[in-house]
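Okay, structure first, notes after.
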Amino acid sequence: MAKVKSFRDVIAPKERVKEKEPYRLDRAAFNRATLQVARDLLGKFIVRSYRGRNISGMITEVEAYKGPKDAASHARGGRRTARVEPLYADGGTVYVYFIYGIHWMLNFSTAGKDMPEGVLIRGILADTDGEGKLLAGPGRVTKYLKIDKKLDGADVTDSTQIWLEDRGVRIPARSIKRGPRIGVDFAGLYWAAKPWRFWIERSTAALVTNRLLK
(Lines give C-alpha, C1' and ligand atoms only; values in the text may rest on other atoms or scores of the structure.)
Protein backbone atom coordinates (compact mmCIF):
# COMPACT_ATOMS: atom_id res chain seq x y z
CA MET A 1 0.00 0.00 0.00
CA ALA A 2 1.75 3.14 -1.20
CA LYS A 3 1.74 6.33 0.86
CA VAL A 4 2.22 10.06 0.30
CA LYS A 5 2.20 12.82 2.88
CA SER A 6 -1.17 14.30 1.92
CA PHE A 7 -3.46 15.13 -0.97
CA ARG A 8 -1.46 18.32 -1.48
CA ASP A 9 1.47 16.20 -2.64
CA VAL A 10 -0.49 14.53 -5.42
CA ILE A 11 0.07 17.16 -8.13
CA ALA A 12 3.15 19.32 -8.68
CA PRO A 13 2.47 23.08 -8.36
CA LYS A 14 2.86 23.67 -12.09
CA GLU A 15 0.15 21.08 -12.79
CA ARG A 16 -2.42 22.49 -10.38
CA VAL A 17 -5.24 24.81 -11.31
CA LYS A 18 -6.03 27.90 -9.27
CA GLU A 19 -7.32 27.19 -5.81
CA LYS A 20 -11.13 27.10 -5.76
CA GLU A 21 -13.98 25.67 -3.78
CA PRO A 22 -14.82 22.03 -4.55
CA TYR A 23 -17.93 21.58 -6.62
CA ARG A 24 -20.20 18.62 -7.00
CA LEU A 25 -20.30 16.78 -10.32
CA ASP A 26 -23.67 17.20 -11.98
CA ARG A 27 -25.66 15.13 -14.44
CA ALA A 28 -23.81 16.52 -17.44
CA ALA A 29 -20.53 15.11 -16.12
CA PHE A 30 -21.90 11.57 -16.46
CA ASN A 31 -24.23 11.83 -19.47
CA ARG A 32 -21.36 11.80 -21.96
CA ALA A 33 -19.34 9.25 -23.90
CA THR A 34 -18.35 6.57 -21.39
CA LEU A 35 -14.65 6.44 -22.27
CA GLN A 36 -14.39 10.20 -21.82
CA VAL A 37 -16.19 10.05 -18.49
CA ALA A 38 -13.83 7.29 -17.34
CA ARG A 39 -10.72 9.35 -18.13
CA ASP A 40 -12.16 12.50 -16.61
CA LEU A 41 -13.02 10.78 -13.32
CA LEU A 42 -9.31 10.35 -12.59
CA GLY A 43 -8.45 13.02 -10.04
CA LYS A 44 -12.05 13.51 -8.92
CA PHE A 45 -13.08 12.76 -5.33
CA ILE A 46 -15.70 10.34 -4.07
CA VAL A 47 -17.27 11.61 -0.85
CA ARG A 48 -19.21 9.24 1.38
CA SER A 49 -21.27 10.55 4.27
CA TYR A 50 -21.28 7.82 6.91
CA ARG A 51 -22.44 8.03 10.51
CA GLY A 52 -21.98 11.76 10.79
CA ARG A 53 -18.63 12.07 9.03
CA ASN A 54 -17.42 12.39 5.47
CA ILE A 55 -14.99 9.82 4.07
CA SER A 56 -13.27 10.76 0.81
CA GLY A 57 -10.85 9.40 -1.75
CA MET A 58 -9.38 10.62 -5.02
CA ILE A 59 -10.08 8.31 -7.97
CA THR A 60 -6.89 6.80 -9.39
CA GLU A 61 -8.06 3.84 -11.50
CA VAL A 62 -11.23 3.07 -13.44
CA GLU A 63 -12.65 0.71 -16.05
CA ALA A 64 -15.29 1.52 -18.68
CA TYR A 65 -18.10 -0.80 -19.77
CA LYS A 66 -20.08 0.01 -22.89
CA GLY A 67 -23.40 -1.71 -22.59
CA PRO A 68 -25.14 -4.30 -24.80
CA LYS A 69 -22.40 -4.50 -27.42
CA ASP A 70 -19.70 -5.04 -24.76
CA ALA A 71 -19.40 -8.76 -23.96
CA ALA A 72 -17.74 -7.90 -20.63
CA SER A 73 -20.67 -5.74 -19.49
CA HIS A 74 -23.45 -6.92 -17.19
CA ALA A 75 -25.82 -5.48 -19.80
CA ARG A 76 -24.31 -7.49 -22.65
CA GLY A 77 -26.79 -8.51 -25.27
CA GLY A 78 -29.37 -6.09 -23.82
CA ARG A 79 -29.79 -7.91 -20.52
CA ARG A 80 -32.12 -6.00 -18.24
CA THR A 81 -32.69 -7.55 -14.85
CA ALA A 82 -33.39 -6.03 -11.45
CA ARG A 83 -29.70 -6.36 -10.65
CA VAL A 84 -28.49 -4.23 -13.57
CA GLU A 85 -31.38 -1.74 -13.62
CA PRO A 86 -29.22 1.09 -12.18
CA LEU A 87 -27.09 0.97 -15.34
CA TYR A 88 -30.18 1.88 -17.35
CA ALA A 89 -30.89 4.92 -15.18
CA ASP A 90 -29.67 8.43 -15.85
CA GLY A 91 -25.95 9.16 -15.65
CA GLY A 92 -24.55 9.34 -12.13
CA THR A 93 -26.64 6.48 -10.74
CA VAL A 94 -24.78 4.16 -8.38
CA TYR A 95 -24.54 0.50 -9.39
CA VAL A 96 -23.28 -1.78 -6.60
CA TYR A 97 -22.93 -5.53 -6.89
CA PHE A 98 -21.37 -8.36 -4.90
CA ILE A 99 -18.58 -10.53 -6.31
CA TYR A 100 -16.87 -13.74 -5.18
CA GLY A 101 -19.03 -13.67 -2.07
CA ILE A 102 -16.54 -11.18 -0.59
CA HIS A 103 -16.41 -7.76 -2.25
CA TRP A 104 -18.80 -4.99 -3.19
CA MET A 105 -18.04 -3.23 -6.48
CA LEU A 106 -18.80 0.46 -7.03
CA ASN A 107 -19.88 1.74 -10.44
CA PHE A 108 -21.50 4.87 -11.83
CA SER A 109 -23.85 4.82 -14.81
CA THR A 110 -22.88 6.92 -17.82
CA ALA A 111 -24.02 7.91 -21.33
CA GLY A 112 -27.63 8.73 -20.37
CA LYS A 113 -30.94 7.09 -19.51
CA ASP A 114 -31.57 3.72 -21.17
CA MET A 115 -27.92 3.52 -22.24
CA PRO A 116 -26.62 0.82 -19.84
CA GLU A 117 -22.99 1.88 -19.77
CA GLY A 118 -20.87 2.58 -16.74
CA VAL A 119 -17.55 3.08 -15.02
CA LEU A 120 -16.13 0.79 -12.33
CA ILE A 121 -13.94 2.39 -9.65
CA ARG A 122 -10.82 0.24 -9.20
CA GLY A 123 -8.58 2.46 -7.09
CA ILE A 124 -8.50 5.59 -4.94
CA LEU A 125 -6.10 7.68 -2.93
CA ALA A 126 -7.69 7.67 0.52
CA ASP A 127 -7.26 10.56 2.95
CA THR A 128 -6.74 9.08 6.41
CA ASP A 129 -5.80 11.51 9.15
CA GLY A 130 -3.98 13.77 6.70
CA GLU A 131 -1.99 10.91 5.18
CA GLY A 132 -2.66 9.64 1.67
CA LYS A 133 -2.96 5.88 1.21
CA LEU A 134 -3.27 4.22 -2.15
CA LEU A 135 -6.03 1.62 -2.19
CA ALA A 136 -5.69 -0.54 -5.30
CA GLY A 137 -8.54 -2.92 -6.03
CA PRO A 138 -12.30 -2.30 -6.12
CA GLY A 139 -12.91 -4.34 -2.97
CA ARG A 140 -10.55 -2.14 -0.98
CA VAL A 141 -12.26 0.95 -2.36
CA THR A 142 -15.71 -0.09 -1.17
CA LYS A 143 -14.45 -1.31 2.20
CA TYR A 144 -12.83 2.05 2.90
CA LEU A 145 -15.80 4.08 1.67
CA LYS A 146 -18.36 1.90 3.51
CA ILE A 147 -20.15 1.00 0.27
CA ASP A 148 -22.68 -1.82 0.15
CA LYS A 149 -25.96 -2.72 -1.54
CA LYS A 150 -27.82 -0.03 0.40
CA LEU A 151 -26.34 2.56 -1.97
CA ASP A 152 -27.38 0.69 -5.12
CA GLY A 153 -29.51 3.02 -7.22
CA ALA A 154 -28.48 6.21 -5.39
CA ASP A 155 -28.07 9.33 -7.52
CA VAL A 156 -24.70 10.97 -6.88
CA THR A 157 -25.94 14.26 -8.33
CA ASP A 158 -28.33 14.82 -5.40
CA SER A 159 -27.66 12.12 -2.77
CA THR A 160 -26.74 13.13 0.76
CA GLN A 161 -24.92 9.82 1.26
CA ILE A 162 -22.51 9.74 -1.68
CA TRP A 163 -21.38 12.26 -4.27
CA LEU A 164 -18.38 13.21 -6.41
CA GLU A 165 -16.39 16.44 -6.22
CA ASP A 166 -14.03 18.33 -8.47
CA ARG A 167 -11.42 19.84 -6.16
CA GLY A 168 -9.27 21.37 -8.88
CA VAL A 169 -6.88 18.44 -9.34
CA ARG A 170 -5.89 18.02 -12.99
CA ILE A 171 -3.99 14.92 -14.09
CA PRO A 172 -1.69 15.68 -17.06
CA ALA A 173 -2.38 13.53 -20.11
CA ARG A 174 1.15 12.10 -20.02
CA SER A 175 0.43 10.63 -16.59
CA ILE A 176 -2.73 8.76 -17.64
CA LYS A 177 -2.20 5.21 -18.88
CA ARG A 178 -4.65 2.80 -20.45
CA GLY A 179 -4.78 -0.93 -21.01
CA PRO A 180 -7.05 -4.01 -20.95
CA ARG A 181 -9.61 -4.45 -18.23
CA ILE A 182 -8.96 -6.94 -15.45
CA GLY A 183 -10.80 -10.22 -14.98
CA VAL A 184 -12.86 -10.16 -18.19
CA ASP A 185 -11.33 -13.09 -20.09
CA PHE A 186 -14.79 -14.68 -20.17
CA ALA A 187 -15.79 -12.03 -22.72
CA GLY A 188 -13.44 -13.44 -25.36
CA LEU A 189 -10.16 -12.17 -26.77
CA TYR A 190 -11.63 -9.21 -28.66
CA TRP A 191 -13.44 -7.63 -25.72
CA ALA A 192 -10.85 -8.66 -23.13
CA ALA A 193 -8.21 -6.78 -25.14
CA LYS A 194 -10.14 -3.50 -25.26
CA PRO A 195 -7.96 -0.80 -23.61
CA TRP A 196 -10.78 0.54 -21.47
CA ARG A 197 -8.97 0.62 -18.14
CA PHE A 198 -7.45 3.98 -17.22
CA TRP A 199 -5.08 4.70 -14.36
CA ILE A 200 -2.63 7.27 -13.13
CA GLU A 201 0.94 6.40 -14.09
CA ARG A 202 3.36 4.14 -12.16
CA SER A 203 1.60 0.97 -10.98
CA THR A 204 -2.03 0.08 -10.59
CA ALA A 205 -3.84 3.22 -9.47
CA ALA A 206 -0.49 4.96 -8.93
CA LEU A 207 -0.08 8.47 -7.65
CA VAL A 208 1.11 11.42 -9.64
CA THR A 209 3.62 12.79 -7.14
CA ASN A 210 5.96 15.75 -7.52
CA ARG A 211 8.81 13.35 -8.28
CA LEU A 212 6.97 11.58 -11.11
CA LEU A 213 6.03 14.88 -12.75
CA LYS A 214 9.60 16.15 -13.01
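The values are calculated or read from the model by the stated rules, or taken from the named source; none is laboratory data. All of these numbers come straight from a predicted model, not from anything done at the bench. All Cβ positions, glycine included, derive from the backbone under ideal geometry; neighbour counts span all protein chains shown.
Worth pointing out:
- Candidates 151, 135, 145: the one that is in contact with a helix residue (DSSP H, G or I) (Cβ under 8 Å, 6 or more places away or on another chain) and crowded, with 18+ Cβ neighbours inside 10 Å is 135.
- Residues being in contact with a Gly (Cβ under 8 Å, 6 or more places away or on another chain), among the small types (Gly, Ala, Ser) and either without any contact (Cβ under 8 Å) to a residue 24 or more places away in the chain or part of a loop (DSSP other than H, G, I, E, B) (or both) - total across region 29-69: 0
- Verdict on residue 73 being closer than 20 Å to residue 198 by Cβ, hydroxyl-bearing (Ser, Thr, Tyr), out of contact with any Ser or Thr (no Cβ under 9 Å at 6 or more places or on another chain) and surrounded by 22 or more Cβ atoms within 10 Å (Cβ to Cβ): yes
Table: residues versus (1) within 20 Å of residue 90 (Cα to Cα); (2) free of Cβ contacts under 8 Å to residues at least 24 places away in the same chain; (3) of a type outside the set (Ser, Thr, Tyr).
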site: 141; (1), (2), (3): no, no, yes
site: 149; (1), (2), (3): yes, no, yes
site: 158; (1), (2), (3): yes, yes, yes
site: 171; (1), (2), (3): no, no, yes
site: 179; (1), (2), (3): no, yes, yes
site: 194; (1), (2), (3): no, no, yes
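- Of residues in region 79-108 being touching a Ser or Thr at 6+ places or on another chain (Cβ under 6 Å) and assigned to a loop (DSSP other than H, G, I, E, B), the one farthest from residue 31 (Cα to Cα): 89
- Checked against the criterion of being over 16 Å from the mean Cα position of the chain (by Cα) and either among the hydroxyl-bearing types (Ser, Thr, Tyr) or at pLDDT 95 or above (or both), the candidates 150, 143 yield just one match: 150.
- Candidate set: region 105-140, residues that are of a type in the set (D, E, K, R) and farther than 21 Å from residue 49 by Cβ; chosen: the one modelled with the lowest pLDDT: 131
- Just one residue in the set 207, 189 is modelled with pLDDT under 95 and over 16 Å from residue 34 (Cβ atoms); that residue is 207.
- Verdict on residue 171 being out of contact with any Lys or Arg (no Cβ under 7 Å at 6 or more places or on another chain), within 26 Å of residue 31 (Cα to Cα), at pLDDT below 95 and crowded, with 22+ Cβ neighbours inside 10 Å: yes
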